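For reference, the structure discussed in these notes is given below.
Every read-out reported here was derived from the displayed coordinates using simple, explicitly stated rules and does not represent laboratory data. Predicted, not measured: the structure shown is a model, and the values here were computed from it. Counting neighbours? That spans all protein chains shown, and the Cβs are built from the backbone with ideal geometry, glycine included.
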Amino acid sequence: MGIADRSRDFWTAGWEGRISIDDLVDAFMGGGTVYADKQLVVTRTLAPIGLRFSGEIDINNCGAVARCLSAIAADEVDVHLDISSLLFCDISGIRAFVEAAQRREKGRLMLHGLPELLQTVMRVTGWADLPNLHVCDCKGGSA
Amino acid sequence: MSSSAEHSKAEFRHEALLYVGWEEFIAGTVPFIRDGLSAGEPVLVVESAEKIEMLRLALGGDVGEVLFADMAQVGANPACIIPAWHEFVTLNAAPGRRMRGIGEPIWRERSSDELVECQRHESLLNVAFGRGEPWWLLCPYDVEKLDPAVIEEARRSHEFVAERGARQRSDSFRGFDASGAPFDVPLPEPESVASRLAFGATDLESLREVVSRQARAARLKASRAAELVIAVNEIATNSIRHGGGRGTLRIWHEPTALVCEIRDRGRFDKPLAGRQRPSNDPAAPRGLWLANHLCDLVQIRTLADGTVVRLHMNRLPTSHLRVVPDIH
């Protein structure tokens, strides 16, 4: 699947699946793609502040994911990560989320739409219940 | 049966109980449990449901203080047994306190692949606990039902052997250092290979697609297929990072399982890798640990020209995910 297909699927899902004020605000207020490669698109969201991940994360792009996470926002605010369109994420990708959460002193990293498999992986590998990494039990989206 | 005076009470003691019939099993285990309880030692028994029931009856009023766990669940993948013992020992360790365990990982119905991994597990117990906390692990072996070669291997993997009412050092014990030597027992070649892929870092997406496709062909449940994909991806990532940057994936279908094999040119020299709970350090390796807890069987071989890892996912409905049980 190429990047164009992925983006189209992602946006189609976004508009048809959950048309929200947040999506409109993001679109008009400067939310946009902050990273893209052949298997992953990372989009900035502004309401709430955060990132939306669509595609696959493995050792080829986990470094880029870490850079996106470190650049996203000041420490004081909670950062919301919409990973409901993340089709695959390996341990190096989860590690990037965990390390980003551990670097934050005040604001939390909020995971939205965490797939069941990743919840299992985080539990087995000892990454459940980290103080600054909050798994939101909403069905996806960052609202 | 009297304890051997040769053994220091301040060390780990790994002992095989070679029993014939129920009576010898009971005679070898019940006094062992009672002696532990009367000395104030925590006792964990990891046995089949049938034997746990029998021990409960035989112990009568003493049973309340004994912890039990079902080996069919804890040890379905033999690589998950050491973490369970580690949990027990860590939770109960205290200055001057000894502990006792009974664990029977090998039974006649084990597949040949499982049997070899169980034997490796028995050896690795010496590496995991030798020179560590003082506890006594008794491993029953059913002499009537198991192949004589299995009993011979038990004499090599256990420092002590109890049989016919007597305990003694095993003359053929391979020693603590040799117990963790590179494991190179040959793996059987598959009859036919369904998929083969030479991979490097940029091929991981294709690798995941190949595994997915074969998992669908094997009719694995979607959640199990996804678990296999992530496990194979992690082992392949190890090849890319530590095994020379590339490797080869082969996948084949066995009557009861889908098997994915990853070969690389790396040298695997950490015998307990995947059997120790990852530390809190985010950078700590987690791939083999995850594979052991997602897959039904994981085989690792250190060969002269590289490393081989095979991941088995049973086609038939399997037990729940084997997360290390909480033992309190």
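Helix B:112-129 and the long axis of chain B differ in direction by around 60°, with both axes built from C-alpha atoms. Axis of helix B:21-38 versus longest Cα principal axis of chain B: the two differ by about 70°, to the nearest ten degrees.
Of the GluC sites (Glu not before Pro) in the range B:127-200, the ones in a loop by DSSP (not H, G, I, E or B) with at most 11 other beta carbons within 10 Å are B:144, B:191.
Subtracting the Cα-Cα distance of residue B:241 and residue B:185 from their residue separation scaled by 0.36 nm leaves 17.7 nm. The 3J(HN,Hα) values that the Karplus relation (6.51, -1.76, 1.60; θ = phi - 60°) gives for the range B:80-97 are, in residue order, 8, 7, 4, x, 5, 5, 4, 4, 4, 5, 5, 5, 9, 5, 7, x, x, 9 Hz. Gly and Pro appear as x. Per residue of chain B, the DSSP helices (runs of n ≥ 4 H) give a summed -39500 (n - 2.57) that works out to -11000 deg cm²/dmol at 222 nm.
Compute the convex hull volume of the Cα atoms of the range A:45-143, divide it by the residue count, and report the result per residue in Å³ as a whole number.
Value for the range A:45-143: 84 Å³ per residue.
For the protein assembly as shown, lysine pairs separated by 8 or more sequence positions, or belonging to different chains, with Cα-Cα distances below 27 Å total 4. Take every DSSP beta bridge whose two residues both sit in the protein assembly as shown; close to 50 percent of them are antiparallel. Modelled this way, with points 7 Å down the Cα-to-C-beta line, the labels at residue A:38 and residue B:72 are 4.8 nm from one another. Along its first, second and third principal axes, ordered by size, chain B spans 61, 38, 35 Å in Cα coordinates. Given in Å, the Rg to one decimal and the Dmax to the nearest whole number for the Cα atoms of the protein assembly as shown are 25.2, 83.
Ordered by the count of other Cβ atoms within 10 Å of each Cβ, fewest first, B:15, A:116, A:99 give A:116, A:99, B:15.
Below 8 Å, C-alpha to C-alpha, sequence gap of six or more: please give me the relative contact order for chain B in percent. With pairs under 8 Å counted, the relative contact order is 19 percent.
Electrostatic bookkeeping for residue B:305 treats Lys and Arg as +1 and Asp and Glu as -1; over the other residues with beta carbon under 13 Å from its beta carbon, the sum is +2. Quote the FRET efficiency, to the nearest 0.05, computed for residue B:145 versus residue B:196 with a Förster distance R0 of 60 Å and r equal to the Cβ-Cβ distance. Computed FRET efficiency for residue B:145 and residue B:196: 0.95.
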